[in-house]
1. Sort out which residues of region 189-230 are part of a helix (DSSP H, G or I), over 19 Å from the mean Cα position of the chain (by Cα) and either under 22 Å from residue 139 (Cβ atoms) or without any contact (Cβ under 8 Å) to a residue 40 or more places away in the chain (or both), and write them in order of number.
2. Looking at (1) in contact (Cβ under 8 Å) with a residue 24 or more places away in the chain; (2) surrounded by fewer than 15 Cβ atoms within 10 Å (Cβ to Cβ); (3) not in a loop (DSSP other than H, G, I, E, B), which is the only condition residue 254 fails?
3. Looking only at region 49-86, how many residues end up being under 20 Å from residue 318 (Cβ atoms) and in a loop (DSSP other than H, G, I, E, B)?
4. Go through region 97-185 and tell me which strands (runs of 3 or more DSSP E), entirely inside it, have 1 or more residues that are in contact with a helix residue (DSSP H, G or I) (Cβ under 7 Å, 6 or more places away or on another chain) and under 28 Å from residue 66 (Cα atoms).
5. All but one of (1) surrounded by fewer than 19 Cβ atoms within 10 Å (Cβ to Cβ); (2) over 21 Å from residue 180 (Cα atoms); (3) under 15 Å from the mean Cα position of the chain (by Cα) hold for residue 308, so report the exception by its number.
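Every read-out reported here was derived from the displayed coordinates using simple, explicitly stated rules and does not represent laboratory data. Since we're looking at a predicted model, the values are computed, not measured. Cβ placement follows ideal geometry from the backbone for every residue including glycine, while neighbour counts extend to all protein chains displayed.
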């Protein structure tokens, strides 16, 4: 049944239109783009290092045997003097040493195991006193250190792979997360005991995005492993324990967004840009004045069979 609309009475007056309010000031919302030119992203070639500088790259390669050809691309794209790798996922006897020596990286310090973890330092210049370190009583190949020289000064280089921590941010029900927190606590306590006034560099996949602008959404990731308050607080304690300087944030401070990891689960990772800054380079006070540049090779995320991490590159000029 269709209901007829009531007709207007011919004698009814049309009510006057309400007066329009006076126009107020126009509000413009300005948002800093996540791919702002201030972010040190390189999509193709990385600018050359300053004359006399040493260039160090850190990269979670997610299997060096599967992706060793990408190291050739990194060498031609960025020309690092030293490359630090995490998640090499191969025992030392199967590490592709000859192939990497052909790229100019004749000096190596490796600590690997089958299928998991693994760290390596590749260098065009001599390395000394290469030593692996164990954490939490586990021989799981997460830390190797070696020394090299910059303008006659000995520099200690630490390559670290912090446990990812699984998916549930509760140490009581997730042993992987408990391991991660224990690892960071041990690191903080150990670095606090190390002597100061030594030139040191710490690089690696630290699996924590510490600042609000190190993730695509601070509010949405507060309960997601890698950005929970307990993790960011502990990483801050590691940073403070040895008076480290976060090289990337020293050179490119907030509020610029910077990411080094984009999940494989995002089919169009560039369009969504849901990244996190999990890969870091830290230096001690002796090297802080020598920091000359930082680059994040974002274009590597589009390489064939890519890692979900991209290389982070720092230039140090004596």
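1. Filtering region 189-230 down to residues part of a helix (DSSP H, G or I) leaves 189-193, 212-214, 229-230.
Narrowing the set further to residues that are over 19 Å from the mean Cα position of the chain (by Cα) leaves 189-193.
Once the filter is applied, which keeps residues that are part of a helix (DSSP H, G or I), over 19 Å from the mean Cα position of the chain (by Cα) and either under 22 Å from residue 139 (Cβ atoms) or without any contact (Cβ under 8 Å) to a residue 40 or more places away in the chain (or both), region 189-230 yields 189, 190, 191, 193.
2. Every condition holds for residue 254 apart from (3).
3. The number of residues fulfilling the criteria is 8.
4. Working: elements: 107-111, 119-123, 128-132, 143-150, 153-161.
Output list reads 107-111, 119-123.
5. Going through the list (1) surrounded by fewer than 19 Cβ atoms within 10 Å (Cβ to Cβ); (2) over 21 Å from residue 180 (Cα atoms); (3) under 15 Å from the mean Cα position of the chain (by Cα), residue 308 breaks only (2).
Yes/no matrix, rows are residues, columns are (1) closer than 23 Å to residue 86 by Cα; (2) buried (at least 17 other Cβ atoms within 10 Å of the Cβ):
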| residue | (1), (2) |
| --- | --- |
| 222 | no, no |
| 229 | no, no |
| 232 | yes, yes |
| 240 | no, no |
| 264 | yes, no |
| 288 | no, no |
